[in-house]
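In what follows, a structure is listed as C-alpha cells, so that the remarks can point back to it.
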Amino acid sequence: MCGIFGYCNYLVERSRGEIIDTLVDGLQRLEYRGYDSTGIAIDGDEADSTFIYKQIGKVSALKEEITKQNPNRDVTFVSHCGIAHTRWATHGQPEQVNCHPQRSDPEDQFVVVHNGIITNFRELKTLLINKGYKFESDTDTECIAKLYLHLYNTNLQNGHDLDFHELTKLVLLELEGSYGLLCKSCHYPNEVIATRKGSPLLIGVKSEKKLKVDFVDVEFPEENAGQPEIPLKSNNKSFGLGPKKAREFEAGSQNANLLPIAANEFNLRHSQSRAFLSEDGSPTPVEFFVSSDAASVVKHTKKVLFLEDDDLAHIYDGELHIHRSRREVGASMTRSIQTLEMELAQIMKGPYDHFMQKEIYEQPESTFNTMRGRIDYENNKVILGGLKAWLPVIRRARRLIMIACGTSYHSCLATRAIFEELSDIPVSVELASDFLDRKCPVFRDDVCVFVSQSGETADTMLALNYCLERGALTVGIVNSVGSSISRVTHCGVHINAGPEIGVASTKAYTSQYIALVMFALSLSDDRVSKIDRRIEIIQGLKLIPGQIKQVLKLEPRIKKLCATELKDQKSLLLLGRGYQFAAALEGALKIKEISYMHSEGVLAGELKHGVLALVDENLPIIAFGTRDSLFPKVVSSIEQVTARKGHPIIICNENDEVWAQKSKSIDLQTLEVPQTVDCLQGLINIIPLQLMSYWLAVNKGIDVDFPRNLAKSVTVE
Ligand code: AGP
C-alpha cells in the first residue's frame, strides 16, 4: 500500500545528493508494502523552485530517473525539507503523471504526498476547475495541492498571510475521507506539514543533544477563537461552513465572506516546543524523519512520536509543533516520544532469498518470543500484562466477537473452539468487511477482539471504530507496536513476532494463533474444571517452537513435490475438519496469493455436499489427517476421495499406523509432522503449506515478497 517518507534537516548541513539518497533509501524500506510508482520532491536551484522526480515501477527506476535528470548533487543545504512517496494506484492508472508528489501548478508552489482516499475529490475538483485550476492527473491527491494554492492565494489577496499550519487547517476542513499527508511549499521554505486521519504517520527525531523532555505539547486554538473562514464552496455542501455561511457564500462574492482572520484564528497558543528547547536558548541541530512506517525510520533514529488522527504536525526551525483544531475533553495534551524496539537487522533479509522464506524459518524463534515471559511452565500459569486488569470484565461478556481480515481472520477461526471450550462464552468470528456490511448488532456487554498483523488494516480499523461507538470493550491482538489498532483498543496483546515484511503472512499467523490461545487460557485460569486441559495446552505450547523447527526439515520433500506433481497444476484442494479447517483455508490463501494457483480450503464434512464432483485422478488434493477426536471422520472423507481415483497428499502425524497401512493399498503420500495437543496441531500443520506456497511461487519465477495486485498493509477499504 502507499508509503510516505519525509526528511527534514535543520542546522545539519547535507548535500542535495545526500538528501536524495536519504529519501530514496526511505522509500526502499517501504517497498515491502507493495506499490506501483514512486516520487520525491526537494528544493530546486532557485530560491522558490522545487525539483519533483517521479517514476512508475520500482524505487530503482526512480533512482535511474533522478540520475537521468542529473541534478547537481553537490549543492549543500544547512536546512531543508524533502518529501517522498510510494504509490499503490487507487484513482488513476500507475502512470508518471499520477505518481506523487502531486503539485498545485506548473510552478510547484505546493507539493503533496498522500496515503488514503479523498472521497469528496470529485466535488473539490469540479469546484477548483470552475475557479480556473487545470488538473493534470487522475488522482484524488491533486485536489489537495490545488486547494492549498487556492486558499493561500485567496487569503493573501485579502491581506491574510497565513502560517503554514493555519493554511493547512483550512485545507483539511474541506477534505473528506482518509489521509496521511505531507505538504511542502516554496512559500514556506524548510517547513513541512504532516497530518493524518485514518492513515498512520510517525515522526522520528534525531539530535546530538538529548531532548529536554520526551514529549511534545499539543497546541489548540484558544477557547474564544472563532472558526477560520473558508473561501471555497461546493454545489450542495457547506464544506465546513454552517448552513448560514454557506448561503451567504452562494449569494455574495468570496471576499465579502471573509472574516477578519487575524481576530480569531490567529489567536493561538504559540509556544516553543519544550522538547526542542536548548539549555542556552540557541538553536539545536536536529533531523526529522516522517514516515507511514517505522521500518524506514529505524535506521536513522529510534526516538519516534506517533501522530494521532486529526493531529497536524508542523516542522520548522528545528521544532516540531502538533496542532489540533480544538481542545477535546479528556484528550491527551501531549504526544510522547517513544523508543522503538525494532532493530534494523530484524527487517533485513539475511541469508534468505526472500523475506517470506526468512519469516517462515523464523517461526521457532517468533513463536517462542510470543510466549516469552508470559507463560510459567512450571506452575502452568499464563500472564498477559495487557489483559490482566480486564479479565474480570471480559469473563462477564455476553459474547466474544473476533474480527479480522485474511490470515488474521484464519487465526481467529483456528482458535474459536478452544475459546468456547475454555471460557464457555459464545464466540463469533467475523470478516471485518462483512461485519460492517451487515451492520452487525453490537452491545455494551460484548467484547470485540481485533486481530491484525499490521494494526492498520482499514476494514478492521473501521469495524473497531464501529464497536467503540457502540460501547463494547475492544481488545487488540496486534504485531505492529504503535499501530492504530494497538492504540485505539482498550487493551490487548502484542504478538511480538517481529517485523513481517513478506506480503504473505506466515510468522504473524502462528504468533497470532498462540497469542489467542494464551488469551483463552487466561480467561479460564479461575476454572477448576479446566485445570487438566489447561495444563495439557500449556505444556503443549512449550514444545511448539521445537516442533516447528522439526517440520521445517520437510522442505526438501516439499520442494520436490512442487517441482514434480504439483508443477503446472491449475488448481488444488485442501481438506480439513475441526481444528484443521482453518489450516485448510489459510493454506489455500497462501497458495493463491503468492503462486497465483487456484486453491480452495474445504471443510472435509462438506465434500459430499458438492465439492466431491470436482474430484478425479487429476485434481491435486492435500488433506489434514492428523490425530484428534475427528480423526475417524477425516479418514472417511479421504476414503471418499480415493474411491474416486483421487490420490491425496496427507499431512499426518509421525508413525501413524492408519496411514502407513492405507498407503500400502491406496495411492496416497504422507508428509509426517509431530503430534501436539488437538487445539495446537494447526500451528504445526500450517508450516508445510507455507513452504509449499513459497516453492510453488519461486518455481514460477514470481516475486514472492511482492505478489501482483497485493499490498502488505491494506489501508483502504
Ligand atoms: C496474508 O497473507 C494476507 N496478505 C492478508 O490476508 C492479510 O492477512 C490481511 O490483509 C490482514 O492484514 P492484517 O493482519 O495486517 O490486518
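Every read-out reported here was derived from the displayed coordinates using simple, explicitly stated rules and does not represent laboratory data. Please read these numbers as outputs of a predicted model, since none were measured by experiment. Please note: Cβ atoms are built from the backbone with ideal geometry, for glycine as well, and neighbour counts cover all protein chains shown.
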message: Taking θ = phi - 60°, what integer Hz values does the Karplus form 6.51 cos²θ - 1.76 cosθ + 1.60 yield along segment 477-494, in sequence order, with x for Gly and Pro?
response: 10, 9, 8, 6, 5, x, 6, 4, 5, 5, 8, 8, 6, 5, 7, x, 10, 8
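For segment 425-528, how big is the tail of P(r) above 19 Å, as a whole percent of Cα pairs?
Value for segment 425-528 (Cα pairs over 19 Å): 44 percent.
Around K567, under 14 Å between beta carbons, what's the net of Lys plus Arg minus Asp minus Glu among the other residues?
Working: positive: K559, K560, K570, K700; negative: E565, D568.
Residues close to K567 contribute a combined charge of +2.
Can you give the percent of C-alpha pairs in the chain whose distance is more than 44 Å? Show your work: numbers first, answer last.
Details: 76915 of 256686 pairs.
The calculated P(r) of the chain puts 30 percent of pairs beyond 44 Å.
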task: Show me 106-114, 400-408, 679-687, 160-168 ranked by packing, highest mean number of other Cβ atoms within 10 Å first.
output: 679-687, 400-408, 106-114, 160-168
message: Net charge within 15 Å of K134 by Cβ-Cβ distance, Lys/Arg positive one each and Asp/Glu negative one each, not counting K134 itself?
response: -2
query: For R487 and I702, FRET efficiency with R0 = 30 Å and r from the beta-carbon atoms, rounded to 0.05?
result: 0.30
- request: Starting at the first residue of segment 125-130, write each ³J(HN,Hα) from the Karplus equation 6.51 cos²θ - 1.76 cosθ + 1.60 with θ = phi - 60°, in whole Hz, x for Gly and Pro.
  value: 5, 4, 4, 5, 4, 4
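Within a 10 angstrom radius of the beta carbon, how do I537, I651 rank from fewest other beta carbons to most?
Numbers: I537 25, I651 29.
Going from least to most buried by this count: I537, I651.
What does the charge add up to near G204, with Lys and Arg as +1, Asp and Glu as -1, over the other residues with Cβ less than 10 Å from its Cβ?
Working: positive: K206, K299, K302, K303; negative: E287.
Cβ neighbours under 10 Å give a net charge of +3.
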message: Using a Förster radius of 45 Å, what is the FRET efficiency between V528 and N709 based on their Cβ-Cβ separation? Nearest 0.05, please.
response: 0.30
task: Note the angle between two axes, namely the Cα long axis of helix 164-174 and the longest principal axis of the Cα atoms of the chain, as a number of degrees from 0 to 90, rounded to the nearest 10.
output: 60 degrees
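Kindly identify segment 469-571 as rounded, prolate or oblate by the Cα gyration tensor criterion: order the square roots of the eigenvalues as a ≥ b ≥ c, call it rounded if a/c is under 1.5, otherwise compare a/b with b/c, prolate if a/b is larger, else oblate.
Values: a/c = 2.64, a/b = 1.46, b/c = 1.81.
Oblate, since a/c reaches 1.5 and b/c is not below a/b.
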task: Would you mind calculating the relative contact order of segment 649-717 from Cα pairs under 8 angstrom and at least 6 residues apart, reporting the percent as a whole number?
output: 24 percent
- prompt: From the backbone phi of segment 105-122, what are the Karplus-calculated ³J(HN,Hα) couplings (6.51 cos²θ - 1.76 cosθ + 1.60, θ = phi - 60°) in whole Hz, Gly and Pro given as x?
  reply: 5, x, 8, 6, 5, 10, 10, 10, 10, 8, 9, x, 9, 8, 6, 9, 5, 5
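Got a sec? How would H647, H410 order by Cβ neighbour count within 10 Å, fewest to most? Working shown, then result.
Details: H647 16, H410 30.
Final ranking by Cβ density, sparse to dense: H647, H410.
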- prompt: Lys/Arg Cβ at +1, Asp/Glu Cβ at -1, dipole of the chain taken about the Cα centre: which of C186, I56, G373 is farthest positive-ward?
  reply: G373
field: Pairwise label distance in nanometres, T76 with E421, each label 7 Å out on the Cα-Cβ vector
entry: 6.8 nm
Gain upon complete extension [A613, L543; 0.36 nm per residue less C-alpha separation]: 21.2 nm
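Determine how many Å³ per residue the convex hull of the Cα atoms of segment 7-84 encloses.
Numbers: hull volume 6.1 nm³, N = 78.
Measuring per residue, one finds 78 Å³ for the Cα hull of segment 7-84.
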statement: Scoring the chain by relative contact order with C-alpha pairs under 8 Å, at least six apart, yields a percentage of 12 percent
statement: Each label sits 7 Å from Cα toward the beta-carbon; between A563 and Y352 the label points are separated, in nm, by 2.1 nm
task: Provide the packing ranking of 438-444, 387-393, i.e. peptides ordered by the mean count of other C-beta atoms within 10 Å per residue, highest first.
output: 387-393, 438-444
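Nearest-5 percent of antiparallel DSSP beta bridges in the chain?
On the way: 68 of 108 bridges.
If we restrict to bridges inside the chain, about 65 percent are antiparallel.
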Where labels lie 7 Å past Cα in the beta-carbon direction, separation of D437 and D48 in nm: 5.2 nm
